[in-house]
Structures are given as structure tokens and as C-alpha cells.
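Following: one structure in C-alpha cells, then a few remarks.
Here, each number is a calculation from the coordinates, and none is a lab measurement. The structure presented is a predicted model; accordingly, all values stated were derived computationally and were not measured. Neighbour counts run over all protein chains shown; Cβ positions are idealised from the backbone, glycine included.
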There are 2 protein chains.
Amino acid sequence: MQYTKQEIAEMDRVQRIKFINAVSGVKAANLIGTISDTEVTNVAIFNSVMHLGSDPALMGFILRPTGEVPRHTYENMLANGSFTINHVNTGIIKNAHYTSAKFSDNESEFDLCGLTEEFVTGVKAPFVKESHLKIGLEYVESIPIERNGTILVIGEIIHLVIPENAIGEEEDIDLAAIETTGISGLNTYYELKKLDRFPYVRRHEVPDFKVL
Amino acid sequence: MQYTKQEIAEMDRVQRIKFINAVSGVKAANLIGTISDTEVTNVAIFNSVMHLGSDPALMGFILRPTGEVPRHTYENMLANGSFTINHVNTGIIKNAHYTSAKFSDNESEFDLCGLTEEFVTGVKAPFVKESHLKIGLEYVESIPIERNGTILVIGEIIHLVIPENAIGEEEDIDLAAIETTGISGLNTYYELKKLDRFPYVRRHEVPDFKVL
């Protein structure tokens, strides 16, 4: 099926949301943990966490400020400068997905979604105990994307928990070994199966694809 | 294994690049196609393509301006305002990966990596014929991330090719059905296996996780 710009604009709204949220390909499934200045914890699923740079170690995510859940995450982050990113593994996809409900201010998604808070010295925000790979970050800055009112939120890694069994071939991180999942669109969860690994490519090492 | 901010800063450079590139979770594997004003085509693998919004339909990717391959992509994009994003499927992971070599100005990665150019009326940049899900975009703007010198490049979807067999349950896009792949870090490719699908969540529909 082919769609022009005009056909995309005229698409049913829900259909467009489904299609356009999925066409970028698989997205990382992560839980972002925060805590308010009155010590109410919050955890919410995000499918927009990204790598931004390794030195300094920066990560980002896209915030749609209209949503109720992201608003708590962002308010907490601004209040105390701390947040955590926790991989969603195959065992907690349902718990993770239901954190997207609009809970009230005095409800914690940890309790209501069957997830456990975990605290580490030096990081104010809660980690998700059930997660296998967890990252503590310091809030750095917010960059507005004026074209559609979203915000790129940036943090620097200050604490990193990587399980031993995640360290694979040539010290790459093996996401399949720690059961990290991916998301398509907003609703569908995938597990990962390792296909292959290729080296850093130098020009003279490119194989002759014409004879392969 | 646990790492503090200080330990991350003191890590061996290659080790840090590997770890920090992987901790955000799985990343979409996409080929970005462009064409120069002298009609030399270019195609390069990117692991940073993201969804930015569905109305208007915006996508972005992170550019590290120091690399030779991204430079061609970006120059071409600025020259004629056109680029394509093409999912890397399981059958072309090796071809896709080797586009990251530093080819010279008069070499096309299409030829040298065994990929085929495909043109569509209204989109100047080449699509990748072997890809199953393909997107034609109009360059919108570049937002500098001053903290580390990278750039968030934004485009608007003007043409969308989605195979019939990608349309799954409740019109979600089934990435496994079209063999779309993901990347961990810079070198490892994963196939996707569908686990489950959950609905949009309303507060009163949250299950009681304490009794599950």
C-alpha cells in the first residue's frame, strides 16, 4: 500500500497514529522512574529513549507534554534533577504497559502495576527492581521541538547497572541474553533474537557483494 | 556490574562506546537514502531514527557530524531537501552494515553493497528496493544539541510504502511479519518475535497485579 502526504493527512486519526508511530521501526521499551518533592514515586513506560553520545554519556527521550503520565515524570525530573531508565524485559511487559494509565497524584504506579522500587546511593529517583539493565541519570536540559510542541529531554548517566550475563562477544551488550524487549507503535511488544554481528567497517574490508 | 559516573569517565574509550551505545535498548535498523546535486546516490545505515509526531507526520535522526558517511547524507539532504528511510530486514543486514564504510565521493554504496536504487514520482532521493517498509521525507529542520555537537535532523513524511502483510491485528503494523530488524550498540543485529499486544489503557481497566 502506498500513501502520499495528502492521503496521510486525510487518514482516520487513529489509523494515522498507529501507522506513523510504527514506521520508524522497533523502539526500545523502557520504564522511567522519578520521585516528587513530596516523595511520591512514579514510573512510566516510554518508547522514545535514545542514545545521544558516549563521552559524556548522554541519553534522551521525547516528551509529549499533553499526556498526564509524562507530566508527572517531567515535573519530578525538574523538581530534583534525577531520573532512572530501566529496560523492560519479557517478564514484565504487562506491568510496564499498564503504567501508561492516568493514575492520580497520590497513587504510585509501582504499587498498582506490581513493580518494586529500588534505591541506590547517589541517585534520588527509584529504579525498577525487576528490570535487568538500569541507568541512573542527572537531568541536563530540555530542547523544545517547536514544529510540534514536543520536547527532547536530555540526561547524563551517573550510575549504570549491567548484569554479568549481558556482556557478550567482544564485550558488546547482548540484549537477548537479558530478555530486553522492543515496541512497535504503542501497543505491541517484541522479544529479540540475535541474528549476527559485524565488525566496524574499513573501506578495504568491504566484501564483493556482486559475487556473494 | 555497577559503574559510577567516575568509573564511566575512566573506562577504556572503546569499552565506553560499546556500553553506552547499547544501554538505551534496541534501536531501529534503517537505511537512509539521498542523492547529491550531481546525481550521485548515497545510502547509509543509521540506528538513531525516531518517531517525533503523527500529525504532521514527523521523524528524526541523530547526526554525528564527525563521520564521513553521515556527512554525505546530510550534505545531500540540505542540497535538495529529500531523503528516504528504509527498514533493514533480516535478508539485508550484511549489505546494510557495510554501507558504514567510508566510500569516496564518486562511489555509490548501492552498487558496492549490493543494494538497488528505486525511484518514486515526487521523491527525489532513492529508496532501497530490497527494503519492505519505505518512507519518503522532506527535510524540515536541524536542531543542534550543543552539549555534545550532535544534531537532531527532522523530516516530514511525504510518501509511505507499507506492505499488505505488515497490517496486523487491529491495524497495528506487524514488524515481525515484514522481517524488520533491530540493532544493539553499533554491531549486533536482532530479529523480532512478537510477544503480546495490550490495549490503550484507561485507569479503570488496570488489572489487579497483586492477585495475578
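Excluding residues fewer than 8 places away in the same chain, name every one of the lysines whose C-alpha is closer than 22 Å to that of A:Lys210.
Within the straight-line cut-off, A:Lys210 pairs with B:Lys94, B:Lys102, B:Lys129.
Can you show me the helix-derived [θ] at 222 nm for the protein assembly as shown, built from DSSP H runs with n ≥ 4 at -39,500 (n - 2.57) apiece and divided by the number of residues, rounded to the nearest 500.
-5000 deg cm²/dmol
Got a sec to turn the phi values of the stretch B:72-86 into Karplus ³J(HN,Hα) couplings, 6.51 cos²θ - 1.76 cosθ + 1.60 with θ = phi - 60°, whole Hz, x for Gly and Pro?
Once rounded to whole Hz, the list reads 4, 4, 6, 4, 5, 4, 5, 5, 9, x, 10, 8, 10, 10, 10.
Based on the alpha-carbon gyration tensor of the stretch B:1-53 and its eigenvalue square roots a ≥ b ≥ c, which shape applies: rounded if a/c is under 1.5, prolate if not and a/b is larger than b/c, or oblate?
Verdict is prolate for the stretch B:1-53.
Please average, across the residues of A:127-136, the number of beta carbons from any other chain that are within 10 Å of each residue's own beta carbon, and give a whole number.
1
Using the alpha carbons of the stretch B:70-111, what is the convex hull volume per residue in cubic angstrom, as a whole number?
81
Arrange the peptides A:177-187, B:114-124, B:194-204, B:134-144 so that the one whose residues have, on average, the most other Cβ atoms within 10 Å appears first.
Ranked by mean Cβ neighbours within 10 Å, highest first: A:177-187, B:134-144, B:114-124, B:194-204.
With a point put 7 Å past each Cα toward its Cβ, work out how far A:Ser142 is from A:Glu117 in nm, to one decimal.
Result: 2.3 nm between the two label points.
Rounded to the nearest 20 debye, what is the charge dipole size of chain A about its Cα centre when +1 sits on each Lys and Arg Cβ and -1 on each Asp and Glu Cβ?
Charge dipole of chain A: 860 debye, to the nearest 20.
Please list the three semi-axes, largest first and in whole Å, of the ellipsoid equivalent to the stretch B:113-170, using sqrt of 5 times the eigenvalues of its alpha carbon gyration tensor.
Taking √(5λ) for each Cα gyration eigenvalue gives 27, 16, 13 Å.
Return one quarter of the surface area of the convex hull spanned by the alpha-carbon atoms of the protein assembly as shown, equal to its mean projected area, in nm².
Averaged projected area of the protein assembly as shown's Cα convex hull equals 19.3 nm².
For the stretch A:22-194, what does the equivalent ellipsoid look like in terms of its semi-axes, each the square root of 5 times an eigenvalue of the Cα gyration tensor, given largest first in whole Å?
Largest first, the stretch A:22-194 gives 23, 18, 18 Å.
Taking only the alpha-carbon positions of the stretch B:103-144 and ignoring solvent, what does the Debye formula give for the base-10 log of I(q)/I(0) at q = 0.15, 0.28 Å⁻¹?
-0.50, -1.00
Provide, as a two-decimal number, the C-alpha radius of gyration of the stretch B:147-212 over 2.2 N^0.38 Å, N being how many residues it has.
My calculation over the Cα atoms of the stretch B:147-212 gives 1.66.
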